[in-house]
Amino acid sequence: MTPEPSMSKARFQRVTIKLSGEALQGDAGYGIDPAILDTIAEEIKAVVTLGVETAVVIGGGNIFRGVRASAKGMDRASADYMGMMATVMNAIALQDGLERMGVDTRVLSAIEMKEVAEPYIRRRATRHLEKGRVVIFAAGTGNPFFTTDTAAALRAMEVGSQVLLKATRVDGVYDKDPEKHSDAVRFDRLDYLQVLSRSLHVMDSTAISLCKENNLPIVVFDMLASGNIERVVCGQTLGTLVAPEAYKWPRG
């Protein structure tokens, strides 16, 4: 039985959560499932209620995936820009879900879309976080050829997050795909070089390198288990920690 989330004081003041676009699609295999959207919004609200300043980066793979389209002949830059616009759609949907629950939220887009989102300005993002608003970073980095994993690492460092939370469909990092291999082994802890040298599927290599250069810890965990985001910010050890060897996890 999964333990209840710790209601002790949060161990982090500011976090960035990376969500995949596929997290929103549910069983349909595409688009946005309203029930899943509300569940994710509730999980984020629980963290905000603890007083944690929360930023979110969300992908767009449930609507459009640039790499896949480019593999079928589309110009890679054009495909990536379409993918960025898909992340804006997801960000607006998540904003709506959060605000229906009474959580003040701002969407900041790396591509200017002033009718639906604020332009990304680092100092503005930081001020929103200081005021207790959830900030959703949309449109990736605003540049083609960079993934939303890289955008998450970059934005987390720009706004001074203490940890990057990578929410996935599995409960950590494995030596091979646990959905395909019953003998897959989960790692409790890794350093950045181990992730890169073993080509483990945590985040893309650019994102891992950015985190390594700035000593930003990454926690990879199962987002489908209710309360897991809250457990992580309260110091419970879940999933896989990717961090320097000297890093001490602030246990709850």
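No value in this document is a laboratory result; all are computed from the given coordinates. Here the structure is a predicted model, which means the values were calculated and not measured. In this analysis, Cβ positions are derived from the backbone assuming ideal geometry, glycine residues included, and neighbour counts consider all displayed protein chains.
Computed from the alpha carbon positions, the gyration tensor of segment 14-242 leads to an equivalent ellipsoid with semi-axes of 24, 22, 18 Å, biggest first. Mean sequence separation of contacting Cα pairs (under 8 Å, at least six apart), scaled by the length of the chain, corresponds to a relative contact order of 22 percent. With contributions of -39500 (n - 2.57) from each DSSP H run of at least four residues, the per-residue ellipticity at 222 nm computed over the chain stands at -10500 deg cm²/dmol. Where the centre of each part is set by its Cα atoms, how far does segment 152-173 sit from segment 193-227, in angstrom? If we compute the Cα centre of each part, the gap is 8 Å. Exposure proxy for CYS234, CYS211: other Cβ atoms within 10 Å of each Cβ, ordered fewest to most, give CYS234, CYS211.
Protection proxy ranking, highest mean first, for peptides 40-46, 195-201: 40-46, 195-201, where packing is the per-residue count of other beta-carbon atoms within 10 Å, averaged. Taking a straight line from the alpha carbon of LYS176, these lysines sit under 25 Å away, with near neighbours fewer than eight places off in the same chain left out: LYS18, LYS166, LYS212. Neighbours of THR105 by Cβ distance under 13 Å: Lys/Arg scored +1, Asp/Glu scored -1, total 0.
Each of the peptides 101-114, 157-170 was scored by the mean count of other Cβ atoms within 10 Å over its residues; in descending order, highest first, they stand as 157-170, 101-114. Computed extension length for ARG251-MET113: 45.6 nm, one decimal, from 0.36 nm per residue of separation with the Cα-Cα distance subtracted. Taking the DSSP bridge list for the chain and keeping only pairs wholly inside it, about 15 percent are antiparallel.
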